Amino acid sequence: MPNNVSDFEFMFITSLIGFLILFFVFFNELFRIDKSHIIQSLILSVEIFAFNFFLLLGVGAVDTTVVSSVLSSYFIFIPIIEYIVFKTLPKKNIIIAILLSLIGVFMILELKAKNFINKNILFLLISDIAMASYVITTGNFAKNSNPAILSMGQLLFVTIFAFIGWYIEVMIKGLSFRLPKEPLFWGSIIFIGFFIRGMYTVIQVYAQRYVPPINTSLIFASEIVMTLFFSNYISKYFGYLKKDEFITPIKILGALMMVLGILVCDDNFYDFLLKKIKIKNENKI
């Protein structure tokens, strides 16, 4: 993203593209809209706007693997929020899954203190809290509401919030509403608007009808594994490969720990694992 592009401008354009895509695909669903859809969409938009806003503040001077690692750690906050709001305690396999995934994150970051002690990481952690809240709220709303309408509604509100932020920024800094002309910028804008703002949003809302928030967050945490293996090649292609982006044995082990955490989170896999351990111990005896 060019230096002269506002974070709000970036959020506005990508959210608008995502909304327009969903609007044309799910136009017929709009005839089912009611007051609850509008209120729920507004709540979701505030949470996802906060996530994107603090993500953009924190992502600037941090390596992609570190960003992905910290953002993937938002699953830590889900049991905390659920306990505060709903007074529900996580199951044993969920606690084990969180610990395994958290160890995996630390291993991928190679336990470097410099990766944690800076304002960018603080912004990303705030982003984590917003995302944890968003995942919980989405799961609750999606069970009884139309996912397509919720997806369109939250993108529409985020687009409005982003434009207001962009307008205020332009007025304060004396800038102008001028769009960049770089082809690479528009390529990334269209890609993010279509896949991340549009498709990702509606798929997540639909899927969360059937998947609990903590399971959702741990499955999404597999993003860090994808980033670990692909960022090396993507960074090299765009010419900004850094030393910290290289894949190391400890990073690979950390990725495997995260995958194991995601599997343990599933009740069926956890029960299967316990049975295998029990049978193995009985054979030893």
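No value in this document is a laboratory result; all are computed from the given coordinates. Because the structure is predicted, anything quoted here is derived from the model rather than measured. Note: ideal-geometry Cβ built from the backbone for every residue, glycine included; neighbour counts use all protein chains shown.
For Rg/Rh (Cα atoms, Kirkwood Rh), the listed values are (1) 1.00; (2) 0.98; (3) 1.09; which was obtained by calculation from the structure presented? For Rg/Rh (Cα atoms, Kirkwood Rh), the calculated option is (1). With contacts defined as alpha carbon pairs under 8 Å and 6 or more residues apart, what's the relative contact order of the chain in percent? The normalised contact order for the chain reaches 37 percent.
Say the dipole of the chain comes from +1 at the beta carbon of Lys and Arg and -1 at that of Asp and Glu; which of Ile136, Asn146, Ile94 then lies farthest toward its positive end? The Cα lying farthest towards the positive end belongs to Ile94. Reducing region 12-31 and region 153-178 to their Cα centroids gives an inter-centroid distance of 19 Å. Note on Lys35/Glu223: beta-carbon distance plugged into 1/(1 + (r/R0)^6) with R0 of 25 Å gives a FRET efficiency of 0.10.
Computed from Cα atoms, the angle from the helix 7-25 axis to the main principal axis of the chain rounds to 80 degrees. For an R0 of 22 angstrom, estimate the FRET efficiency from the Cβ-Cβ distance between Leu57 and Lys181 and round to the nearest 0.05. Efficiency computed from Cβ-Cβ geometry: 0.30.
Here the label points at Ile234 and Tyr167, each 7 Å from Cα along the C-beta direction, are separated by 3.3 nm in the simple model. In loop segments of region 159-200 as defined by DSSP, the trypsin sites (Lys or Arg not before Pro) with at most 11 further C-beta atoms inside 10 Å of their C-beta are Arg178, Lys181. With the crude spin-label approximation of a point 7 Å out along Cα→Cβ, what separation in nm comes out for Lys275 versus Ile250? Between Lys275 and Ile250, the simple spin-label model gives 3.8 nm. Where in region 143-163 does the amide nitrogen come within less than 17 Å of the point 7 Å from the Cα of Leu42, taken along Cα to Cβ? Zone members listed by number: 150-162.
About its Cα centre, the chain has a charge dipole of approximately 560 debye under the convention of +1 per Lys or Arg Cβ and -1 per Asp or Glu Cβ, with nothing else charged. Taking the Cα centre of region 123-277 as reference, the dipole from Cβ charges on Lys and Arg (+1) and Asp and Glu (-1) amounts to some 260 debye. Cross-linked pairs Lys91/Lys143; Lys35/Lys181; Lys92/Lys143; Lys143/Lys251; Lys92/Lys251; Lys87/Lys143: Cα-Cα separations exceed 30 Å for Lys35/Lys181; Lys143/Lys251.
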